[in-house]
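First the structure, then my questions, so here it is.
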Amino acid sequence: MQLNISAILTAAGLSKRMGCDKLLLEFNGVTLLQRAVDLLSELSVSEKILITIEERLERLVVPQGIQIIINENPETGHSSSVRLGIETANKFRHISHYLFLVADQPKLTKADIQQIIDAGEINQDKIIYPVINDKPNTPSLFPIKFSDELLKISGDTGGRVIRDLYLKSCLAIPPINPDRFTDINTMEDYNALNDC
């Protein structure tokens with residue numbers, strides 16, 4: 001059975017560790033946020049949701065087919081964006097899975113995400129995520145049966161809390177191209193990205 005996926009791009013973080021709005025930094029002339037939104041638009045999924053803050057919309061071109069949700073309380077942490085995404089997705093009756101994406105993986109491609117979706121189609125009851133150097137990474141795919149648990153998370157945490165609670169329901173997959181899953185958390189990460 002084909003999955004009915006709601007892809008949720010969480011892009012409301014305040015970039016406290018960076019000292020600037022990292023999602024508005026550029027890679028090859030395009031902001032990290034715009035790259036993530038463009039990638040979201042390419043995905044073959046049932047629904048596409050962008051969770052962000054008002055200030056970033058001025059620098060963003062959002063393709064048709066993406067629903068924009070403003071996180072009014074980004075200071076409460078990543079969990080607030082996760083909850084907003086799920087609440088929005090749950091209005092679409094036929095969703096079977098949530099695909100959570102972040103906006104600071106500028107090398108990520110549609111093919112990388114498709115590897116996760118393909119694994120989910122074979123293992124529809126599993127939480128699917130990439131593992132790199134023995135560490136869980138994103139994007140992550142959650143069956144809708146975990147929605148109640150995901151709605152309970154708080155603070156600056158995401159789905160990893162649920163992964164830790166339900167290890168037997170998890171399937172970690174090694175990406176074909178692990179270097180493309182690199183995320184940007186510090187200026188050192190960003191400078192290294194532009195040195196590539």
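Figure the gain on full extension for residue 76 and residue 168 (residue separation times 0.36 nm, minus the Cα-Cα span) and round it to one decimal in nm.
Difference between extended and current length: 30.2 nm.
Three principal axis extents, largest first, for the C-alpha atoms of the chain, in Å?
Principal extents (Cα only, largest first): 40, 35, 31 Å.
If the chain between residue 123 and residue 192 were fully stretched, how many nm would it gain, using 0.36 nm times the residue separation less the Cα-Cα distance?
Numbers: separation 69, 0.36 × 69 = 24.84 nm, distance 3.57 nm.
Additional length available on full extension: 21.3 nm.
Put a dot 7 Å past each Cα toward the Cβ at residue 4 and residue 68; how far apart are the dots in nm?
2.7
In region 100-196, which chymotrypsin sites (Phe, Trp or Tyr not before Pro) are in a loop and have at most 15 other Cβ atoms within 10 Å, using DSSP for the loop call?
Passing sites in region 100-196 are 166.
Further, regarding this structure: Assign unit charges at the C-beta atoms only (+1 for Lys and Arg, -1 for Asp and Glu), then state the dipole size of the chain relative to its Cα centre in Debye, rounded to the nearest 20.
The dipole of the chain has a size of about 460 debye.
Related question: Would you mind checking 135/168; 107/152; 22/91; 110/168 for any pair whose Cα atoms are more than 21 angstrom apart?
In this structure, 107/152; 22/91; 110/168 exceed 21 Å between Cα atoms.
Please go through region 31-94 and write out the GluC sites (Glu not before Pro) that DSSP classes as loop and that have at most 15 other C-beta atoms within 10 Å.
In loop regions of region 31-94 (DSSP not H, G, I, E or B), the sparsely surrounded GluC sites (Glu not before Pro) are 72.
Using the Karplus curve 6.51 cos²θ - 1.76 cosθ + 1.60 with θ = phi - 60°, what ³J(HN,Hα) values do you get for each residue of region 131-141, in whole Hz, with x for Gly and Pro?
After applying 6.51 cos²θ - 1.76 cosθ + 1.60, I find 10, 10, 6, 6, 10, x, 9, 10, x, 10, 10 Hz.
Points 7 angstrom from Cα along the Cβ direction at residue 145 and residue 176: gap in nanometres?
2.9
Right, something else. Hey, what do the phi angles of region 63-68 turn into as Karplus ³J(HN,Hα) couplings, whole Hz, using 6.51/-1.76/1.60 and θ = phi - 60°, x for Gly and Pro?
x, 4, x, 10, 8, 9
Select from 44, 103, 60 the residue farthest towards the positive end of the dipole of region 5-195; place +1 on Cβ of Lys and Arg, -1 on Cβ of Asp and Glu, and compute about the Cα centre.
About the Cα centre, the residue reaching furthest to the positive side is 44.
For residue 127, what residues show an amide H to amide H distance below 5 Å, using hydrogens built from the backbone and excluding near sequence neighbours?
It is 170, 171, by chain and number.
Let me ask another. What are the trypsin sites (Lys or Arg not before Pro) within region 91-196 that DSSP puts in a loop, where the Cβ has at most 11 other Cβ atoms within 10 Å?
Here the trypsin sites (Lys or Arg not before Pro) that fit, given the DSSP loop and packing criteria, are 91, 93, 152.
Let me ask another. Report the full-extension gain for the segment residue 152 to residue 44: residue separation times 0.36 nm, less the Cα-Cα distance, to one decimal in nm.
36.0 nm
None of the figures in this text is laboratory data; all of them are computed from the coordinates on show. Keep in mind that what you see is a predicted model, and the values were worked out from it rather than measured. Cβ coordinates were reconstructed from backbone atoms using ideal geometry, including for glycine residues, and neighbour counts include every protein chain displayed.
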